[in-house]
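Student: Okay, here's the structure, questions in a sec.
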Amino acid sequence: MKYLRQFCIILFVSFLGEVLHALIPFPVPASVYGLILMFLALCTGILKPEQVRETAAFLIEIMPVMFIPAAAGLLDAWPSLRPIWLPVTLITVITTVVVMAVTGQVTQYMIRREKRTNDASRSKTQTWQS
């Protein structure tokens with residue numbers, strides 16, 4: 001029952017994203033509106049992480065399976081993609097590498113920053129205790 005409730009919460013937020021997409025005339029996908037709403041709900045405390053944690057983890061685990069229908073749809077679109085397959089492939093590879101590099105750099109920066117913060121707080125604690 002807990003998983004059903006969590007799934008319903010996620011579906012409701014997605015539904016609100018669909019409603020915003022219908023009401024707001026910007027070319028933003030409904031899923032992006034839903035993600036923003038979920039982010040805001042979690043940041044403001046309207047929604048607690050515990051209220052969606054297990055179902056969200058499950059959905060993240062099965063996410064690769066969700067790309068199979070999209071990939072199969074590309075096979076149907078092959079006649080349209082044939083003339084531009086090389087640029088599309090190059091753009092996909094280059095952007096994937098750039099995203100991986102930027103993600104790695106940001107992660108390393110955050111780890112170093114957290115380590116510096118922890119070291120500074122430890123040194124202040126040791127100085128205060130002395």
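Student: Which pairs do you get when a residue that is farther than 19 Å from ILE24 by Cα, found in the stretch 34-58, comes within reach of a residue that is of a type in the set (S, T, N, Q), reach meaning Cβ atoms under 8 angstrom, with the pair 6+ apart or on two chains?
Tutor: Pairs found: GLN51/GLN6; VAL52/GLN6; ARG53/GLN6; GLU54/GLN6; THR55/GLN6; ALA56/GLN6.
Student: Being surrounded by 10 or more Cβ atoms within 10 Å (Cβ to Cβ) and modelled with pLDDT of 95 or more is the requirement here; does LEU81 meet it?
Tutor: Details: surrounded by 10 or more Cβ atoms within 10 Å (Cβ to Cβ): yes; modelled with pLDDT of 95 or more: no.
Criteria not met by LEU81.
Student: Which helices (runs of 4 or more DSSP H) does the stretch 17-79 wholly contain that include 3 or more residues that are within 15 Å of PHE7 (Cα to Cα)? Even if it seems obvious, please write down each step before you answer.
Tutor: Working: elements: 30-44, 53-61, 63-76.
Output list reads 30-44, 53-61.
Student: For THR55, state whether it is open to solvent by less than 60 Å² (accessible area, probe 1.4 Å), modelled with pLDDT of 95 or more and not hydrophobic (A, V, I, L, M, F, W, C).
Tutor: Numbers: open to solvent by less than 60 Å² (accessible area, probe 1.4 Å): yes; modelled with pLDDT of 95 or more: yes; not hydrophobic (A, V, I, L, M, F, W, C): yes.
Against the criterion (open to solvent by less than 60 Å² (accessible area, probe 1.4 Å), modelled with pLDDT of 95 or more and not hydrophobic (A, V, I, L, M, F, W, C)), THR55 qualifies.
Student: Now for a different question. Please state which of the following conditions ILE94 fails to meet, knowing it meets all the rest: (1) under 15 Å from the mean Cα position of the chain (by Cα); (2) more than 30 Å from MET1 (Cα to Cα).
Tutor: Of everything listed in (1) under 15 Å from the mean Cα position of the chain (by Cα); (2) more than 30 Å from MET1 (Cα to Cα), ILE94 misses just condition (1).
Student: Looking only at the stretch 89-111, decide whether some residue is touching a helix residue (DSSP H, G or I) at 6+ places or on another chain (Cβ under 7 Å) and modelled with pLDDT under 95.
Tutor: If we filter the stretch 89-111 for residues that are touching a helix residue (DSSP H, G or I) at 6+ places or on another chain (Cβ under 7 Å), which is where we start, we get none.
Checked against the condition, which is being touching a helix residue (DSSP H, G or I) at 6+ places or on another chain (Cβ under 7 Å) and modelled with pLDDT under 95, the stretch 89-111 yields no hits at all.
The values are calculated or read from the model by the stated rules, or taken from the named source; none is laboratory data. Note that the structure is a prediction, hence the values are computed from the model and not measured. Cβ coordinates were reconstructed from backbone atoms using ideal geometry, including for glycine residues, and neighbour counts include every protein chain displayed. The area values use the complete protein model at the heavy-atom level, side chains included, leaving out ligands, DNA and RNA. Shrake-Rupley method; radii C 1.70, N 1.55, O 1.52, S 1.80 Å.
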